[in-house]
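Everything on this sheet refers to the single structure shown next.
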């Protein structure tokens, strides 16, 4: 996430809608000083405000974070629904980080896969005490695999030295292909005690276990990276 690009993107949205900083602030329920800091790259909206900007101005949250619009593709109703649902879940779960009496500054970074065979879309939100992780999409980009597996499951874990700590697990998929299973993968972790600075590009993994009809298990290990350094 580039704060300057995101700030310029928010400023562009405001100007395209003929709004002053104060008018945008009133519309989003924040102060005009907060809007000024966003546009100058000095701060970022929290996840709840990102959701409001997305809803109010019909832009994707990923577009706001990346500071540029993404190419539009025609989608089915089912695809729209599946993509909208994780965003709603993110908005509800990650806002918990701000529940303390005095508001805290929340930083946001996107996460992705270091493995060329898989593409991961997700967000990590964190403050000084805890981290929230949301993985909304996992896509298989490797060699075509049309095999119907007897069972597929997965888990998100943190690796430290030779030990691993499970953070969350995925629901079990039965009699399905890898591609179809991944369409249903949606991992939400809200209130993870490990602070962002403790998470490195070599410590987070998503592991997928696919069991075929002969009970042979194929394991896919996907390293996950945070795309921005924690502050």
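Coordinate-derived values only; no laboratory data. Just so it is clear, the structure is predicted and the values come from calculations on it, not from any experiment. Note: ideal-geometry Cβ built from the backbone for every residue, glycine included; neighbour counts use all protein chains shown.
Worth a mention:
- By the count of other C-beta atoms within 10 Å, a proxy for reagent exposure, 6, 151 are ordered fewest to most as 151, 6.
- Taking other Cβ atoms within 10 Å as a rough exposure proxy, 138, 189, 35, 148 sort from fewest to most as 148, 189, 138, 35.
- Modelled spin-label separation between residue 171 and residue 216, with each label point placed 7 Å from Cα along the Cα-to-Cβ direction: 3.0 nm.
- The protection proxy used here, the mean number of other Cβ atoms lying within 10 Å of each residue, ranks peptides 39-47, 9-17 as follows, highest first: 39-47, 9-17.
- Residue 31/residue 60 FRET efficiency (R0 30 Å; Cβ-Cβ; nearest 0.05): 0.75
- Look at 131, 163 and count the other Cβ atoms within 10 Å of each Cβ; fewest to most, that gives 163, 131.
- Inter-label distance for residue 179 and residue 228, nm, one decimal - labels placed 7 Å from Cα along Cα-to-Cβ: 3.4 nm
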